[in-house]
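Below is one structure, written out as structure tokens; the observations come after it.
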Amino acid sequence: MARPPSGARSRRAAGAIPGAAGSGVVPVNDLGRGWIATAPEVRDVLDRVLSRGRYVQGPEHDAFELELAAFLGVRHVAGVACGTDALVLSLLAVGCGPGSEVVVAANAGGYAALAAAQIGARTVYADVAPPALLLTAETISRAVGPATTAVVVTHLYGNVVDVASIVDVARPRGIAVIEDCAQAIGAVDPSGRRVGSLGDAAAFSFYPTKNLGAAGDGGAVATDDDRIADAVRSLRQYGWTARYTVGRAPGRNSRLDELQAGILRLGLRRLDSLNARRRDIVGRYRHSMPKGLEFVTGAGCPSVAHLAVVRTPDRAVVRARLDDLGVRTDVHYPIPDHMQAGLASPLRSTDLPETERAAREVMTLPCFPGMTDEEVERVGAALGAALLDP
Ligand SMILES: *Cc1c(COP(=O)(O)O)cnc(C)c1O
């Protein structure tokens, strides 16, 4: 059961890292390496869960909720099916719905805007501020209005938003602050508190590429507020207030399954050390960083370096040169939300100069805990070569 493919086994036996060996290419990410490191423990989880016969909301799920709540320093964690649902359920639980406005960034992949659209709320985009490309109290102040019910702050690329200053703007106006922690689990703010404990509610995704990734989809909502927690726990399961009693609307089915919860419990124990490795990789890139590239992802605390993002006005040229040197890159994200055909058009006319400039300039370098030191060095050297004038 669940053995790695035989090719991976034989390469491992030879002491090489699957995906790195032979190809000469440094990928942006390679999730399989992480699984191979934990394969025996993962097999134990599969055996335990499958033989127990509880596959949804069983003991692994309940233990994971408690362990994540303790890790974050919050009173409640509710497991859900994915990060997008965690945003939807957080928005519903703080009272958003048709007629309310939700302020979001437009450079964060569209997830918050999609969540607002799903519940009939209207999206208002706020610009982000360089160098970290995050929302700030100042950019949010320009976007909130009398109908604003919530602000979603995304800790983009693993960088930490100054949530406290945003709470200072929001709370006197009765606006809820929801953290999107999908890219920043484990990060701490300058006061030492974990992201996910800084606003009214927080959404997490355990999509496989995230810093804490499942072997499929998963998500969670964290909160200190008993009423928000009750609402999420009810809405994630049909709106039940008791078994077969639909006491709340609009309910849905959004549960975290038992296998994923068991795997996530393993990952949570390793999260801080894996995040340290990510920061270390970005630190080494910075060390060898040539002029002409500006770092968006921080190397020290508080970033957890979900993605190693740099920016340059010559992005297309630099990416092509890196590709020639065997270093793959990506762009997170090429199209800002307010220019996406499938996202609700912005409510008010939107002026987002920093967001639009960033979308033209950002690029993502390889960064994942399973990278070898040799690969990290190769990326550093390739950056130097790619940025030399032709
Ligand atoms: C991945 C991600 C999400 C969505 O999570 P899913 O589990 O894929 O639904 C939301 N917000 C951000 C910032 C993300 O990176």
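The values are calculated or read from the model by the stated rules, or taken from the named source; none is laboratory data. Treat the numbers as computed from the prediction; the structure is a model and nothing was measured. Cβ: placed from backbone, ideal geometry, glycine included. Neighbour counts: every protein chain shown.
Here Gly213 meets each of (1) within 29 Å of Ser100 (Cα to Cα); (2) within 11 Å of the ligand (Cβ to nearest atom) with one exception, condition (1). With a requirement of 3 or more residues that are under 30 Å from Val103 (Cβ atoms), the helices (runs of 4 or more DSSP H) lying completely within segment 295-390 that satisfy it span 353-361. Among the conditions (1) farther than 21 Å from Gln118 by Cα; (2) touching a Ser or Thr at 6+ places or on another chain (Cβ under 9 Å); (3) within 15 Å of the ligand (Cβ to nearest atom), the only one that Arg319 does not satisfy is (3).
Which one is farthest from Gly83 (Cα to Cα), of the residues in segment 194-215 that are surrounded by fewer than 24 Cβ atoms within 10 Å (Cβ to Cβ) and among the hydroxyl-bearing types (Ser, Thr, Tyr)? Top of the filtered list is Ser197. Only residues that are surrounded by fewer than 15 Cβ atoms within 10 Å (Cβ to Cβ) and within 21 Å of Glu354 (Cβ to Cβ) were counted across segment 315-334, and they come to 2.
Please work out if Gly380 is surrounded by fewer than 17 Cβ atoms within 10 Å (Cβ to Cβ), within 30 Å of Asp272 (Cα to Cα) and touching a residue at least 40 places away in the same chain (Cβ under 8 Å). No; evaluated as a whole, the condition is false for this residue.
A quick yes/no check of all residues on (1) modelled with pLDDT of 50 or more; (2) under 27 Å from the mean Cα position of the chain (by Cα); (3) closer than 17 Å to Arg265 by Cα:
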{"site": "Arg9", "(1), (2), (3)": "no, no, no"}
{"site": "Arg12", "(1), (2), (3)": "no, no, no"}
{"site": "Gly15", "(1), (2), (3)": "no, no, no"}
{"site": "Ala21", "(1), (2), (3)": "no, no, no"}
{"site": "Pro27", "(1), (2), (3)": "yes, yes, no"}
{"site": "Gly34", "(1), (2), (3)": "yes, yes, yes"}
{"site": "Ala37", "(1), (2), (3)": "yes, yes, yes"}
{"site": "Asp47", "(1), (2), (3)": "yes, no, yes"}
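Under the condition of being surrounded by 14 or more Cβ atoms within 10 Å (Cβ to Cβ), outside any loop (DSSP other than H, G, I, E, B), in contact (Cβ under 8 Å) with a residue 40 or more places away in the chain and not basic (Lys, Arg), the residues counted in segment 273-292 number 5. For segment 48-102, a residue qualifies if it is within 16 Å of the ligand (Cβ to nearest atom) and either surrounded by fewer than 20 Cβ atoms within 10 Å (Cβ to Cβ) or in a helix (DSSP H, G or I) (or both), and the qualifying residues are Phe64, Leu68, Gly83, Thr84, Asp85, Ala86, Leu87, Val88, Leu89, Ser90, Leu91, Leu92.
Residues in segment 56-68 that are in contact with a strand residue (DSSP E or B) (Cβ under 6 Å, 6 or more places away or on another chain) and over 25 Å from Gly186 (Cβ atoms): Val56 alone.
Residues that are away from the ligand (no atom under 14 Å from the Cβ), outside any loop (DSSP other than H, G, I, E, B) and buried (at least 22 other Cβ atoms within 10 Å of the Cβ): does segment 243-258 have at least one? Yes: one or more hits.
Residues that are of a type in the set (S, T, N, Q) and more than 14 Å from Ala215 (Cβ to Cβ) within segment 32-61 comprise Ser51, Gln57, listed in sequence order. Any residue that is within 16 Å of Thr223 (Cα to Cα) and touching a residue at least 12 places away in the same chain (Cβ under 8 Å) - is there at least one of those in segment 53-61? There is no residue in segment 53-61 that is within 16 Å of Thr223 (Cα to Cα) and touching a residue at least 12 places away in the same chain (Cβ under 8 Å). Looking across segment 216-225 at every residue that is surrounded by fewer than 21 Cβ atoms within 10 Å (Cβ to Cβ) and within 21 Å of Arg252 (Cβ to Cβ), the one that is farthest from the ligand (Cβ to nearest atom) is identified as Asp225. Selection of strands (runs of 3 or more DSSP E) fully inside segment 147-206 by the criterion of at least 2 residues being more than 15 Å from the ligand (Cβ to nearest atom), under 15 Å from Asp224 (Cα atoms) and in contact (Cβ under 8 Å) with a residue 12 or more places away in the chain returns 176-180.
Can you tell me which residue in segment 103-118 is surrounded by the fewest Cβ atoms within 10 Å (Cβ to Cβ), limited to those that are of a type outside the set (Gly, Ala, Ser) and within 15 Å of the ligand (Cβ to nearest atom)? Among those that are of a type outside the set (Gly, Ala, Ser) and within 15 Å of the ligand (Cβ to nearest atom), it is Gln118. The residues of segment 297-311 that are over 17 Å from Val195 (Cβ atoms) and modelled with pLDDT under 95 amount to a single one, Ala299.
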